[in-house]
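I have placed the structure first, in the form of structure tokens, so that the comments after it can refer back to it.
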Amino acid sequence: MSFPWAQDYTPRAPLMQWLDEKLPLPRLLHGAIGAGYPVPRNLSYMWNFGVLAGFCLVLQIVTGVILAMHYAANQAIAFNSVEHIMRDVNWGWLMRYAHANGASAFFVVIYMHIFRGLFYGSYKAPREMVWLLGVVIFLLLMATGFLGYVLPWGQMSFWGAQVITGLFGAIPVVGEPIQHWLLGGYAPDNAALNRFFSLHFLLPFVIAGVVILHIWALHINGSNNPTGIEVKRESDTIPFHPYYTAKDGFGLGVFLIVYAAFVFFMPNALGHADNYIPANPLQTPALIVPEWYFWPFYAILRSFTQDILFIPAKLMGVMAMFSSILLWFILPWLDKSPVRSGHYRPLYRKFFWVLVLDVLVLGYCGGSHAEEPYLMISQIATAYYFLHFLVILPIVASLERPDPLPYSITEAVLGHDEHAVLGAGRAVPAPVRVN
Amino acid sequence: MIRILSIFGGLFFALALLYSFGRGAYSAATDPVKESAERALHREPGPLKLASDGVFGHFDHAQLQRGFQVYQEVCANCHSLKLVAYRDLAALGYDEDEIKKIASNATVNAADPITGEFKDRPGLPTDHFPPVVYAGAGHPPDLSLITKAREGGGAYVHSLLTGYRAQTPAVLAAHPEAKTGENLFYNPWFSNLNIAMPPPLTGDGQVTYSDGTTASVDQMAQDVSAFLVWTAEPKLDKRRQTGLAVLGFLLFATILAYMAKRNVWAQLKRGDVGEASAID
């Protein structure tokens, strides 16, 4: 794994030598997150979010398994069993608030992680597989988040399930049978709640499996870095431990402070009041919205208000919503600029920040009523979203003249690299040609 | 090839949206939507200061007991409180005998432990507040979670209870569709402006507080709001206490982690790159 100068694993204690011969688990850890894994020396705090996402996954699994011990997936008592957890289970309120806000924290971290990858071109060769697996994880995460939100069986749970499974109903001919098959009935009921619980319990472990592949693929080529330049020699890297364990430790502390502030002091700030009303199939809430982390995609879904040729507006919205994420699968082949990092791409950088703003605007519109002016704003914002990825990104690489790149990571950090002088030291590969 | 296809795909979505946008803008320009009565007249919950507010807030037991009294004497005629058990009232400062007495005043329909037959018996501390049979029209909601189930929480309950008023002719002229129907009551804090619940707090002195507090309508509304904040979130005090301890610990641990990080990275600044560190 990784670079030739990676520190070897040499167990000293007899027990560790014995273990290394039978089951080299410490060797694996040493090479994956220990001193045996050389990492670019210039990773910023933006590179903390991968570790934080892994932490969130563990947090959600631990709190979720405990909640599952007390929760009852039956539509007659699901709502009350959640309140039983809140009132009568020892520290149950902590488990539930930690889990509910843990989901939000997970998505905050994942969005930071994704946009970090977009800015620094982490999706580009040779790391396409890391990116593709990441998109798979994100899709699984969305499914898990949606399924989990249904379980408390409040008003927003019920109507959220109704709306989201209804999306499949927009598919021509087979749509409605698919919707009924997914729900196990004509509307969300006990059958749906039971299978949602089962899948909500299963999917995190599927995610854990794909996370292992994601990290495996990452370790083949090593992390990208803020300059986007590949590692050339040992002076470009430092061992993961202790440098990045220490840096991640501090990052984790900051994350936990913000997270704890939500869990203990505003645990319902990110939720919706209607979900404290038991599910009632006869009473539609005034505003049906998903959890905040789906708002941008919800805005995309609702922004198609007119039929296009023979395609109904609803189907257009569903197609656009799914496309908005699925297009990430071809992203590595849309952006052909050889320069990865946005630091050296003056034109791309501007579009990137417009995209960030655009997604925030979409999120705001997605959380609002489906009425003017939010519809018109989200139509513009959705159009930019698609144009950004599908039109601007492929074209901008040809138009843009990237800024001069440093010779190496070492030069970027220290201001000089003795190997950057022609003829100095041993032969070195030619610098990345730009333009 | 993939880029050419993607550009066409992107333009397709953009044109479809442009069409939707154009139609939407046209209808917004030619046929502006009249502001609905709910939008024009609905009012956001006003300010309510409770002892339980804020990071360091604690429930005021005397106020919770007063609020419980208001609930028992006024609200409980129509509204249930099914998620709360009588034993929970210990958190309001009642002792065991008082709780037994309060519980025994209620009639609970439960299975007889010997015959299994359901029959009425006096309540026990382990019982939850019983369901309330409401004879009139409409569905008075259970109040256990009401302050978490409405935007504004306790302030909403307080505003609603004190927000009944007559519809002015000016309002009626501007929004004739908002006219209060029969057996309804105008209350701009209610989501659709006209609520089926008659004004529950009708005058000062409706309940007689044992602690001598003057039972004005506003005082009763505040007290019952405070009580309903407790019923919705009985673990609030414990949560905040735990949270302060957790945050204190995290702050300390994070400062240590920061110093550790500085210490470890200081070696890099000195230029010993790639060397196994002393900490290892």
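Values quoted throughout were computed directly from the atomic coordinates according to the rules given, and no laboratory measurement underlies them. Predicted model, so just to flag it, every value in this text is computed and none were measured. For neighbour counting, all protein chains shown are included, and Cβ atoms are generated from backbone atoms with ideal geometry for every residue, glycine included.
Look at the stretch B:1-12: the mean tally of other chain Cβ atoms within 10 Å of its residues' Cβ atoms is 6.
Based on alpha carbons, the Rg and Dmax found for chain B are 29.0, 84 Å. Summarising the label geometry, the points placed 7 Å from Cα in the beta-carbon direction at A:Phe329 and A:Leu25 lie 3.6 nm from one another.
If you take the square roots of the eigenvalues of the alpha-carbon gyration tensor of region A:238-327 and sort them as a ≥ b ≥ c, do you get rounded (a/c under 1.5), prolate (a/b over b/c) or oblate?
Details: a/c = 4.84, a/b = 1.56, b/c = 3.09.
Since a/c reaches 1.5 but b/c is at least a/b, the shape of region A:238-327 is classed as oblate.
Once the Kirkwood radius over Cα pairs is known for chain A, the Stokes-Einstein relation at 37 °C and 0.692 mPa s delivers a diffusion coefficient of 136 µm²/s. Among the residues of B:245-255, the average count of other protein chain beta-carbon atoms within 10 Å of the residue beta-carbon is 4.
Cα extents for region B:88-201 along the principal axes, largest to smallest and rounded to whole angstrom: 65, 32, 21. Just so you know, the Cα atoms of region B:155-280 work out to an Rg and Dmax of 29.3, 84 Å.
In terms of its C-alpha gyration tensor, region A:14-71 comes out oblate, because a/c is 1.5 or above while a/b does not outweigh b/c. Judged by the mean number of other Cβ atoms found within 10 Å, the most tightly packed of the peptides B:197-203, A:92-98 leads the ranking A:92-98, B:197-203.
For chain A, the relative contact order comes to 20 percent (Cα pairs under 8 Å, sequence separation of at least 6). Kirkwood hydrodynamic radius (Cα pairs, Å) of region A:177-317? Computed over Cα pairs of region A:177-317, the Kirkwood hydrodynamic radius comes out at 21.0 Å.
What number comes out for the charge environment of B:Arg39, summing +1 per Lys or Arg and -1 per Asp or Glu over other residues with Cβ under 13 Å away?
Details: positive: B:Lys34, B:Arg43; negative: A:Glu371, A:Glu372, B:Glu35, B:Glu38, B:Glu44, B:Glu177.
That works out to -4.
Each Lys or Arg adds one and each Asp or Glu subtracts one; over the other residues with Cβ under 13 Å from the Cβ of B:Arg23, this totals -3. Candidate cross-link partners of A:Lys350 among the lysines, defined by an alpha-carbon separation under 18 Å and a same-chain spacing of 8 or more, comprise A:Lys336.
Among the trypsin sites (Lys or Arg not before Pro) within region B:95-173, those in coil by DSSP and having at most 14 neighbouring Cβ atoms inside 10 Å are B:Arg165. Just checking the listed ones, B:Gly46, B:Gly123, B:Gly54: in the Gaussian network model of chain B with Cα springs under 10 Å, the one fluctuating most is B:Gly54. Fraction of C-alpha pairs exceeding 15 angstrom in region B:128-181: 68 percent, rounded to a whole number.
Using Cα pairs under 8 angstrom and six or more residues apart, how large is the relative contact order of region A:288-405, in percent? Don't skip to the answer; put the middle values down first.
On the way: 131 pairs, mean separation 45.2, N = 118.
38 percent.
Between A:Ala279 and A:Gly154, A:Gln155, the built amide H atoms are under 5 Å apart, and every one of these is 5 or more places off in sequence or on another chain.
Put simply, the amide H of A:Ile238, placed in the peptide plane, has neighbours under 5 Å in A:Val39, A:Arg41, leaving out anything fewer than 5 places away on its chain. Can you bin region B:1-131 into rounded, prolate or oblate? Criterion: square roots of the alpha carbon gyration tensor eigenvalues sorted a ≥ b ≥ c, rounded for a/c under 1.5, prolate for a/b above b/c, oblate for the rest. The shape class here is prolate. Between B:Gly248, B:Gly22, B:Gly163, the residue with the greatest mean-square fluctuation in the GNM of chain B (Cα pairs under 10 Å linked by springs) is B:Gly22.
Within chain B, which complete DSSP H helices have Cα atoms spanning at least 27 Å along the helix axis and a mean Kyte-Doolittle hydropathy of 0.0 or higher? Display every interim value, and only then the final one.
Numbers: long enough: B:2-30 (42 Å, 1.26); B:236-270 (50 Å, 0.23).
Those that pass (Cα extent of 27 Å or more, hydropathy at least 0.0) are B:2-30, B:236-270.
Mean-square fluctuations from a GNM of chain B, with a 10 angstrom spring cutoff on Cα atoms, peak among B:Ile146, B:Ile99, B:Ile114 at B:Ile114. Measuring nothing but how far apart in sequence close Cα pairs (under 8 Å, 6+ apart) lie, relative to its length, chain B scores a relative contact order of 22 percent.
Counting only complete DSSP H runs, which helices of chain A cover 15 Å or more along their long axis at the Cα atoms and score a mean Kyte-Doolittle of 0.5 or above? Walk me through the intermediate numbers first.
Numbers: long enough: A:49-68 (27 Å, 2.36); A:92-119 (40 Å, 0.81); A:128-150 (34 Å, 2.07); A:155-168 (21 Å, 0.83); A:190-221 (47 Å, 1.36); A:245-265 (29 Å, 1.60); A:313-326 (19 Å, 1.61); A:346-366 (30 Å, 1.24); A:374-387 (19 Å, 1.14).
Span-like helices in chain A: A:49-68, A:92-119, A:128-150, A:155-168, A:190-221, A:245-265, A:313-326, A:346-366, A:374-387.
Report, in cubic angstrom per residue, the convex hull volume of the C-alpha atoms of region A:283-375. Walk me through the intermediate numbers first.
Values: hull volume 13.2 nm³, N = 93.
Dividing the Cα hull volume of region A:283-375 by its residues yields 142 Å³.
Need one value for B:20-27: mean number of C-beta atoms belonging to other chains within 10 Å of its residues' C-beta atoms. Can you show the working numbers first?
Working: counts 15, 11, 3, 3, 8, 5, 0, 2.
If you average over the peptide's residues, the count of other-chain Cβ atoms is 6.
For B:Val207, the shell of other residues with beta-carbons less than 13 Å away shows a net charge of -3, using +1 for Lys and Arg and -1 for Asp and Glu.
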